[in-house]
Amino acid sequence: MGELLGNEALRSKLVGMSDAGRLHHCLLFEGPNGVGKSASAIWLAQTVNCTGPAMFGPRTEPCGACWSCKAITDGQHPDIIVVGLDPDRTAPIISVRQARAVISKMALRPYNAKRRFVIIDPADAMGTQSANALLKTFEEPPRDTGFILVCPSARRLLPTVRSRSQRIRFRPVQRDRLAEWLAKQEIEQPDWIANLSDGCPGRALALAGGEAEEWRESRDALLDVLAGSMQGVFSYTDKLTRGDRATWTARAEQMLDALARMVRDALILAGGGSEARLYNADLTEKVYAWSAALGVAGSQRVGQAIDKARQELAAYVNGRLLFDALLSAVIAELGAARQA
Ligand SMILES: [Zn+2]
């Protein structure tokens with residue numbers, strides 16, 4: 001599986017706990033998107049249930065060739081239940097209907113797995129009702145059944161769910177190691193992609209598959225706007241916030257991400273950091289200009305303004321006014337450097 005780079009010790013520990021009969025019945029896999037949580041959940045289900053021959057003692061990884069391994073890879077194993085977003089709903093949620101379906105499956109014994117797994121991914125898509133419906137099952141699942149809740153941060157879950165689970169934290173992969181891994185797969189600009197992915201292999205693959213180009217376009221559009229007139233800023237924010245909220249929020253988050261990464265790079269250079277760590281390695285001159293104009297204090301001020309804009313965006317304020325104010329503030333901070 002392509003995304004299984006990094007967190008090897010964590011996975012071995014989980015298998016060790018399973019071998020010792022001490023695997024917690026409700027695991028909570030947390031960590032940034034693309035770090036390998038979902039792939040690790042499938043990997044664990046495969047390793048624990050693998051029926052292939054193990055040469056030396058207990059299995060440390062799935063054979064990939066036995067019936068069980070193959071069925072899990074194909075999503076066809078009756079005892080490995082993956083619950084994702086409800087396809088019948090327009091909102092991205094795990095519905096009460098889905099929660100009830102899991103509960104009714106729990107009334108039946110596992111078909112043939114050594115350990116049945118229910119993987120809820122993304123677990124933070126469970127609303128209060130769905131989570132409450134499942135609480136008792138999380139706490140006391142049937143024998144030989146384990147839950148794996150997958151989500152970026154445990155803070156996104158209800159405290160009652162959190163307290164019933166064991167948190168397993170996935171960490172980003174070290175940058176050089178990720179770049180090397182990408183280079184082996186003949187991915188172009190592996191160092192840049194590794195930086196841009198923040199050490200998340202799945203994210204890196206998505207970036208290499210076209211999202212990096214998309215990101216670059218969105219960043220360049222923003223930089224053009226910042227270099228131009230206020231009239232240009234207003235028409236940009238107007239266009240940015242058109243259409244329904246869900247669609248424009250995604251666009252706006254992209255813009256905020258691009259801005260945040262420019263500012264973070266400026267901060268790195270202002271602090272004497274290495275060019276090798278830049279997200280915007282293709283625009284080194286511009287980043288130097290931003291860095292000189294903002295300095296450490298200015299970078300931090302703009303960084304805080306971006307954080308605040310993100311929070312306000314989540315609180316349903318008027319997006320257009322929000323971005324007009326933010327971009328005006330950025331332009332004022334940059335001064336002549338915006339045209340560098
Ligand atoms: Zn196997």
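Of all residues in the range 17-33, those satisfying the criterion of being surrounded by fewer than 14 Cβ atoms within 10 Å (Cβ to Cβ) and either outside the structural domain of Cys63 (by TED's automatic domain parsing) or within 23 Å of Arg162 (Cα to Cα) (or both) are Gly21, Arg22.
To keep it simple, each residue is scored yes or no on (1) modelled with pLDDT of 95 or more; (2) closer than 29 Å to Ala41 by Cα; (3) not assigned by TED's automatic domain parsing to the domain that holds Ala329.
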{"residue": "Arg175", "(1), (2), (3)": "no, yes, yes"}
{"residue": "Leu178", "(1), (2), (3)": "yes, yes, yes"}
{"residue": "Glu186", "(1), (2), (3)": "no, yes, yes"}
{"residue": "Trp192", "(1), (2), (3)": "no, yes, yes"}
{"residue": "Leu196", "(1), (2), (3)": "no, yes, yes"}
{"residue": "Ser229", "(1), (2), (3)": "no, no, no"}
{"residue": "Asp238", "(1), (2), (3)": "no, no, no"}
{"residue": "Asp244", "(1), (2), (3)": "no, no, no"}
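From the residues in the range 286-340 that are of a type in the set (Val, Ile, Thr) and either touching a strand residue (DSSP E or B) at 6+ places or on another chain (Cβ under 6 Å) or in a helix (DSSP H, G or I) (or both), which one is surrounded by the fewest Cβ atoms within 10 Å (Cβ to Cβ)? My answer is Val296.
Going through (1) within 27 Å of Ser12 (Cβ to Cβ); (2) surrounded by fewer than 14 Cβ atoms within 10 Å (Cβ to Cβ) one by one, Pro201 falls short only on (2). Determine whether the range 311-323 contains at least one residue that is under 25 Å from Asp191 (Cβ atoms), without any contact (Cβ under 8 Å) to a residue 12 or more places away in the chain and not β-branched (Val, Ile, Thr). No: zero hits.
Rundown of residues vs (1) more than 23 Å from Ala260 (Cα to Cα); (2) in contact with a strand residue (DSSP E or B) (Cβ under 8 Å, 6 or more places away or on another chain); (3) surrounded by fewer than 13 Cβ atoms within 10 Å (Cβ to Cβ), yes/no style:
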site: Asn132; (1), (2), (3): yes, no, no
site: Lys136; (1), (2), (3): yes, no, yes
site: Pro159; (1), (2), (3): yes, no, yes
site: Ser165; (1), (2), (3): yes, yes, no
site: Phe170; (1), (2), (3): yes, yes, no
site: Val173; (1), (2), (3): no, no, no
site: Leu178; (1), (2), (3): no, no, no
site: Pro190; (1), (2), (3): no, no, no
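Yes/no matrix, rows are residues, columns are (1) within 16 Å of the ligand (Cβ to nearest atom); (2) under 26 Å from Arg169 (Cα atoms); (3) of a type in the set (A, V, I, L, M, F, W, C):
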site	(1), (2), (3)
Cys50	yes, yes, yes
Pro58	yes, yes, no
Ala65	yes, no, yes
Tyr111	no, no, no
Ile119	no, yes, yes
Ala123	no, yes, yes
Ala131	no, yes, yes
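All told, Ser12 meets the bar of being away from the ligand (no atom under 16 Å from the Cβ), surrounded by fewer than 17 Cβ atoms within 10 Å (Cβ to Cβ) and assigned by TED's automatic domain parsing to the domain that holds Glu139.
A search for C-beta distances below 9 Å between a residue of the range 70-81 that is among the small types (Gly, Ala, Ser) and any residue that is in a strand (DSSP E or B), counting only pairs 6+ apart in sequence or on different chains, returns Ala71/Ile80; Gly75/Val82. Is it fair to say Lys70 is assigned to a helix (DSSP H, G or I), within 16 Å of the ligand (Cβ to nearest atom), more than 15 Å from Ile168 (Cα to Cα) and of a type in the set (Lys, Arg)? For Lys70, the condition - assigned to a helix (DSSP H, G or I), within 16 Å of the ligand (Cβ to nearest atom), more than 15 Å from Ile168 (Cα to Cα) and of a type in the set (Lys, Arg) - is met.
The values are calculated or read from the model by the stated rules, or taken from the named source; none is laboratory data. Keep in mind that what you see is a predicted model, and the values were worked out from it rather than measured. Please note: Cβ atoms are built from the backbone with ideal geometry, for glycine as well, and neighbour counts cover all protein chains shown.
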